[in-house]
Number of protein chains: 2
Amino acid sequence: MRPKTHIAQTDPFRWEDVPVLAYKEEKGTHFKSITRQVLFDDADHFDTQLRYFEIAPGGHSTLERHDHAHSVMVIRGSGRALVEREVIDLALHDLVRVPPQTWHQFQATGAEPLGFLCIVRRERDKPALPTEKDLASLRSDPAVASFIRV
Amino acid sequence: MRPKTHIAQTDPFRWEDVPVLAYKEEKGTHFKSITRQVLFDDADHFDTQLRYFEIAPGGHSTLERHDHAHSVMVIRGSGRALVEREVIDLALHDLVRVPPQTWHQFQATGAEPLGFLCIVRRERDKPALPTEKDLASLRSDPAVASFIRV
């Protein structure tokens, strides 16, 4: 089937025939209140996907790292991100680059969900979670220690 | 130099240290009032770029086609697009897929600029402009004929 040319936004941050998926529902301790929507996934022309993630107020993504890189743009709400040892305040349309093998976590800090686009390779490795040793190392920085949620 | 982790939006739809480029300034007759900003261009991790285009009210992009595909998301304003023979009304966050060798043109129809993200291959072919024969063929459809600007 040929992919559609036009995919309309039907409700705010929801798209025609794009399923809203629970993100990593099986790993209850490593994330909170995230949905995922795959917006573009054209194997014929790109080796990348465009996804939209939404984190509910107070929620956060998994603290993880992996070989593949993320390119992120905030399109809803505000929040914070950890990228390795850097804690970043995120506002609308801010861009975040997550290099390979970099610890990262996103948090929704406002009253609205934090929604962001994420460009990622279609073929990618599985994320690794921090070991106790990794966590101890990350927590040696007080700003990082107060940020991370595991 | 290592690319920055965080690129903040400094003014609406303008980003820190991201130059605002005139689009195809050398081809005066084939576009009108467009700027281009390259947001992500990481050769190490992706073979794609993320660009942001902005078309001033009343302006339009070049009517063209090429081998590479476009994946587009509107993030500012509203407008219309032609994709081959289909005229599409575009609202905030709508997605448009432009397959290879498909005639396409974007127009800003509202009082605000039409701003959209465009994911594209880093290595790509040059666009082709319509010949008189192509234009005659396109114009055989009245809806297309009334849309196109060349």
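The figures follow:
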{"quantity": "Residue within segment A:117-129 that is over 22 Å from A:Ile7 (Cα atoms), surrounded by 20 or more Cβ atoms within 10 Å (Cβ to Cβ) and in contact (Cβ under 8 Å) with a residue 24 or more places away in the chain present", "calculated": "no"}
{"quantity": "Qualifying residue in segment A:66-87 (condition: within 12 Å of chain B (Cβ to nearest Cβ), among the acidic types (Asp, Glu), surrounded by fewer than 22 Cβ atoms within 10 Å (Cβ to Cβ) and free of Cβ contacts under 8 Å to residues at least 24 places away in the same chain)", "calculated": "yes"}
{"quantity": "Checklist (1) part of a loop (DSSP other than H, G, I, E, B); (2) surrounded by 21 or more Cβ atoms within 10 Å (Cβ to Cβ) applied to B:Gln101, failing item", "calculated": "(2)"}
{"quantity": "Subset of segment A:91-117 [within 18 Å of A:Ser78 (Cβ to Cβ), more than 11 Å from every other protein chain (Cβ to nearest Cβ) and either over 18 Å from the mean Cα position of the chain (by Cα) or not aromatic (Phe, Trp, Tyr) (or both)]", "calculated": "A:Gln105, A:Gln107, A:Ala108, A:Thr109, A:Gly110, A:Ala111, A:Glu112, A:Pro113, A:Leu114"}
{"quantity": "Output for segment A:69-98, where each listed residue is closer than 22 Å to A:Leu135 by Cβ and assigned to a loop (DSSP other than H, G, I, E, B)", "calculated": "A:Glu84, A:Arg85"}
{"quantity": "Residues of segment A:26-43 that turn out to be at pLDDT below 55 and either under 19 Å from A:Gln107 (Cβ atoms) or in contact with a helix residue (DSSP H, G or I) (Cβ under 8 Å, 6 or more places away or on another chain) (or both), as a count", "calculated": "4"}
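The values are calculated or read from the model by the stated rules, or taken from the named source; none is laboratory data. Everything numeric here is computed off the predicted structure, so don't read it as measured data. All Cβ positions, glycine included, derive from the backbone under ideal geometry; neighbour counts span all protein chains shown.
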